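Okay, structure first, notes after.
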Amino acid sequence: MQHLMRDKVVIVTGAGSPAGIGLATAKAFAAAGARVAITDVAEGSAPRRARDIGDEVRGYTCDVTDRAACEALAEEVLDAWGRIDVLVNNAGITQSRKVMDIARADYDLLMDVNLRGALHMSQAVIPAMAARGSGSIVCIASVAAQRGGGFVGGSHYAASKGGVLGLVKGMARELGPQGIRVNAVNPGVIITDMNSRAFDEARRRQIVESIPLGRFGRPEDVAGVCLFLGSDLSAYMTGSEIDVNGGIHIH
Ligand SMILES: NC(=O)c1ccc[n+]([C@@H]2O[C@H](COP(=O)([O-])OP(=O)(O)OC[C@H]3O[C@@H](n4cnc5c(N)ncnc54)[C@H](O)[C@@H]3O)[C@@H](O)[C@H]2O)c1
């Protein structure tokens, strides 16, 4: 397992949150032998987490809505480690809103971070991946895109993640000939800072009863699938979506 990602360089966005999917994903890649750059918009959070994981992990502050910042980050990683093999577009935000309450600013914010952010970071790493003729981009979408939300995020969240699925398929088609694979992961309900206070006890019970595997997801459940998609174990996969939802949405 420690050899799976040896000599590989990985970027994970939105990995500053201590209980989040991004940090668990960074740890999974580091445990598999990769050098990992973790980033987050929250000032100083990614460098702090990086120090906790180990020497082969570096932390950067980067707002994925800022294309120039994404490009500067990719340059820094290339300067430090000389290559970029995997990008995990994990940074994301949600909002609970009824359709009629979605203001222009709410819509813009979610689209900016969840969809434009994934495009920006992908644009930042594609030239280096194309130059080497290989790379894997993993985008975290959501079960919300498939079933129309219904847990925490409003319709604009579902739409932003639906946009991510379209972006993944379009990039996969265009970038495949350059050796770059692009795939999506659709988490179900994973308990993180995004939703840990969103459900009262009755709602928690109700949701868990509707999950065939009988529990909420953990960040590590998603991390393992990101590692699979980032590694050569998935060498013939591109344009795919993998559901990590305990069976809450089977289709
Ligand atoms: N938790 C779930 O149930 C669930 C379900 C489906 C999809 N997702 C998706 O998984 C991803 C990770 O979510 P999480 O549950 O770990 O949440 P989280 O809130 O713990 O982590 C998200 C991280 O993204 C960072 N971030 C926000 N805006 C950013 C920006 N502009 N630039 C860079 N970083 C930014 C935040 O600071 C935070 O650290 C998100 O894309 C989310 O939409 C989560």
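The values are calculated or read from the model by the stated rules, or taken from the named source; none is laboratory data. Note that the coordinates shown come from a computational prediction; the quantities given were computed from them, not determined experimentally. All Cβ positions, even for glycine, are placed from backbone atoms using ideal geometry, and neighbour counts span all protein chains on display. Keep in mind that these areas ignore ligands, DNA and RNA; they rest on the heavy atoms of the full protein, side chains included. Shrake-Rupley method; radii C 1.70, N 1.55, O 1.52, S 1.80 Å.
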How much of residue 115 can a 1.4 Å solvent probe reach, expressed as accessible area in Å² and rounded to 10?
40
Just want the answer: with Cβ charges of +1 for Lys and Arg and -1 for Asp and Glu, which residue in 222, 235, 207 is farthest toward the dipole's positive end in the range 170-243?
207
Where does the Debye-calculated log10 I(q)/I(0) of the range 1-69 sit at q = 0.16 Å⁻¹, using only Cα point scatterers of equal weight, no solvent?
-0.46
Leaving out ligands, DNA and RNA, and with a 1.4 Å probe, what % of the accessible surface on the chain is carbon or sulfur?
50
If the chain between residue 103 and residue 152 were fully stretched, how many nm would it gain, using 0.36 nm times the residue separation less the Cα-Cα distance?
15.9 nm
Whole-Hz Karplus couplings 3J(HN,Hα) for the range 164-172, θ = phi - 60° and coefficients 6.51, -1.76, 1.60, Gly and Pro as x, run 4, 5, x, 4, 4, 5, x, 5, 4
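List the equivalent ellipsoid semi-axes of the chain in whole Å, largest first, each obtained as the square root of 5λ for an eigenvalue λ of the Cα gyration tensor. Each step should come with its number before you reach the end.
On the way: eigenvalues 151, 74, 67 Å².
Over the Cα atoms of the chain, the semi-axes work out to 27, 19, 18 Å.
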The range 211-226 - phi-based ³J(HN,Hα) in whole Hz, Karplus 6.51/-1.76/1.60, Gly and Pro as x
9, x, 7, x, 7, 5, x, 10, x, 5, 5, 7, 4, x, 6, 4
Built amide H within the under 5 Å cut-off of residue 243, gap 5+:
186
Compare 182, 99, 222 in a GNM of the chain, Cα atoms joined below 10 Å, and give the one with the largest fluctuation.
99
For the range 144-207 versus the range 84-106, the gap between their alpha-carbon centres in whole angstrom
9
Cross-link partners among lysines for residue 169, C-alpha distance below 18 Å, same-chain residues fewer than 8 apart left out?
161
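For the range 29-123, report the accessible area per residue in Å² (1.4 Å probe, heavy atoms, rounded to an integer). Don't jump to the answer; show the numbers that get you there.
Numbers: 4590 Å² over 95 residues.
Solvent-accessible surface per residue comes out at 48 Å².
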Pick from 157, 107, 236: which is most flexible by mean-square fluctuation in a GNM of the chain where alpha carbon atoms under 10 Å apart are linked?
236
What does the helix-only formula give at 222 nm for the chain: each DSSP H stretch with n ≥ 4 adding -39500 (n - 2.57), the total divided by the residues, and the result rounded to the nearest 500 deg cm²/dmol?
-13000 deg cm²/dmol
